[in-house]
Amino acid sequence: MDILSLVGLTLALVAIIGGSIAKGSGVDALWNGAAFVIVVIGTLAAALLQTRLKVFMHAMRILPWMFSAPRIDTEETIEKLVNWSQIARKEGLLGLETLAEQETDAFAGKGLQLLVDGTEAEAIRNILEVDLSAKEQFDLQGAKVFESMGIYAPTLGIIGAVMGLMAVMQNLAEPDKLGPGIAAAFVATIYGIGSANLFFLPVSSKLKNSIQSQTAYREMIIDGITSIAEGENPRNIETKLRGYVL
């Protein structure tokens, strides 16, 4: 669990709700059904228009990463790669066949199977880098869905505010309705700017950071497996992989 995401989301709600109360507007002033429809539904509509269904569904699947990113244990993986190199040095690459079948990490397992099959180091690197690049790009497309929503939301907020003011202008003959009407109009602006800067854009950045960490982790696996294929000394392999530990 990423405690910073939880704290950040909580503080965002406190900032908006607490700020409204402190300014004397109260919590009720933050709710407006029309503004919600214009901003939230409109932002969702814009995101759907620009995104393929497969990418949008992937974006929803990776959203939980902001609270719980895929587990990455660099130290454990380094130990595993060094162990593989020691086995390969003593028993040959075929000695890794059983481990390849038991490996739970699909990416590492694929590389290990390529090793067992006797694939050249350069070919292993090329194959795994294609897999890595494809996954990274697909994950980034998912993260950019939230980035795009963060771009559209403020604009939809302005549209909502303008539409609200248009309604106010139609009631100029009734002064008692002007104050509440103008206040309601600007709720849409709060929804748009608030959701963009306190949710959509931060979520996108958080997901991109997680994707970057996963990419670096898989690059380490590629370096480790290709080093085994090249017959490097296990101690040298460990020294090289330690460079990925931050």
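The values are calculated or read from the model by the stated rules, or taken from the named source; none is laboratory data. Since the structure is predicted, the reported quantities are computational estimates derived from the model, not experimental observations. Please note: Cβ atoms are built from the backbone with ideal geometry, for glycine as well, and neighbour counts cover all protein chains shown.
Only one residue in GLY8, GLY33 is more than 30 Å from LEU128 (Cα to Cα), exposed (fewer than 14 other Cβ atoms within 10 Å of the Cβ) and of a type outside the set (Ser, Thr, Tyr). Which one?
Answer to the check: GLY33.
Out of the residues in segment 124-173 meeting the condition of being at pLDDT 95 or above, of a type in the set (Gly, Ala, Ser) and surrounded by fewer than 17 Cβ atoms within 10 Å (Cβ to Cβ), tell me which one is nearest to ALA59 (Cα to Cα).
Of everything passing the filter in segment 124-173, ALA134 is nearest to ALA59 (Cα to Cα).
Count, please, the residues in segment 217-246 that happen to be surrounded by 12 or more Cβ atoms within 10 Å (Cβ to Cβ) and within 23 Å of the chain's Cα centre (by Cα).
The number of residues fulfilling the criteria is 7.
Can you spot a residue in segment 30-37 that is in contact with a Leu (Cβ under 9 Å, 6 or more places away or on another chain) and not basic (Lys, Arg)?
Taking segment 30-37 as the starting set, the residues that turn out to be in contact with a Leu (Cβ under 9 Å, 6 or more places away or on another chain) are none.
Checked against the condition, which is being in contact with a Leu (Cβ under 9 Å, 6 or more places away or on another chain) and not basic (Lys, Arg), segment 30-37 yields no hits at all.
Any residue that is closer than 30 Å to VAL14 by Cβ, touching a helix residue (DSSP H, G or I) at 6+ places or on another chain (Cβ under 7 Å) and either at pLDDT 95 or above or not in a helix (DSSP H, G or I) (or both) - is there at least one of those in segment 211-225?
There is at least one residue in segment 211-225 that is closer than 30 Å to VAL14 by Cβ, touching a helix residue (DSSP H, G or I) at 6+ places or on another chain (Cβ under 7 Å) and either at pLDDT 95 or above or not in a helix (DSSP H, G or I) (or both).
So how many residues does segment 90-102 have that are within 30 Å of the chain's Cα centre (by Cα) and either surrounded by 18 or more Cβ atoms within 10 Å (Cβ to Cβ) or modelled with pLDDT of 90 or more (or both)?
So the answer is 1.
Report whether or not SER205 is closer than 30 Å to GLY157 by Cα, modelled with pLDDT of 95 or more, out of contact with any Cys (no Cβ under 6 Å at 6 or more places or on another chain) and outside any loop (DSSP other than H, G, I, E, B).
Values: closer than 30 Å to GLY157 by Cα: yes; modelled with pLDDT of 95 or more: yes; out of contact with any Cys (no Cβ under 6 Å at 6 or more places or on another chain): yes; outside any loop (DSSP other than H, G, I, E, B): yes.
When the stated conditions are applied, SER205 passes them.
Can you find a residue that is assigned to a helix (DSSP H, G or I), at negative phi, crowded, with 20+ Cβ neighbours inside 10 Å and modelled with pLDDT of 90 or more anywhere in segment 174-184?
No, because not a single residue in segment 174-184 is assigned to a helix (DSSP H, G or I), at negative phi, crowded, with 20+ Cβ neighbours inside 10 Å and modelled with pLDDT of 90 or more.
Pairs only if they're at least six apart or on different chains, beta carbon under 9 angstrom, first in segment 6-32 and touching a residue at least 60 places away in the same chain (Cβ under 8 Å) and more than 23 Å from LYS206 (Cβ to Cβ), second among the aromatic types (Phe, Trp, Tyr) and in a helix (DSSP H, G or I); list them, first residue then second.
Between residues of segment 6-32 that are touching a residue at least 60 places away in the same chain (Cβ under 8 Å) and more than 23 Å from LYS206 (Cβ to Cβ) and residues that are among the aromatic types (Phe, Trp, Tyr) and in a helix (DSSP H, G or I), the close pairs are LEU30/TYR191; ASN32/TYR191.
Just to be sure, is GLY164 within 24 Å of THR43 (Cα to Cα), in contact (Cβ under 8 Å) with a residue 60 or more places away in the chain and in contact with a Pro (Cβ under 6 Å, 6 or more places away or on another chain)?
On the way: within 24 Å of THR43 (Cα to Cα): yes; in contact (Cβ under 8 Å) with a residue 60 or more places away in the chain: yes; in contact with a Pro (Cβ under 6 Å, 6 or more places away or on another chain): no.
Answer is no for this residue.
Any residue that is of a type in the set (Ser, Thr, Tyr), touching a residue at least 40 places away in the same chain (Cβ under 8 Å) and farther than 23 Å from ASP223 by Cα - is there at least one of those in segment 75-93?
no
List pairs: first residue in segment 102-129 and farther than 20 Å from ASP73 by Cα, second residue among the charged types (D, E, K, R) and assigned to a helix (DSSP H, G or I) anywhere in the structure, Cβ distance under 7 angstrom, at least six positions apart or on different chains.
Cβ pairs passing all conditions: VAL116/GLU97.
Return a yes/no flag: does segment 140-147 have any residue that is among the aromatic types (Phe, Trp, Tyr) and either under 28 Å from ALA29 (Cα atoms) or without any contact (Cβ under 8 Å) to a residue 24 or more places away in the chain (or both).
Yes, some residue in segment 140-147 is among the aromatic types (Phe, Trp, Tyr) and either under 28 Å from ALA29 (Cα atoms) or without any contact (Cβ under 8 Å) to a residue 24 or more places away in the chain (or both).
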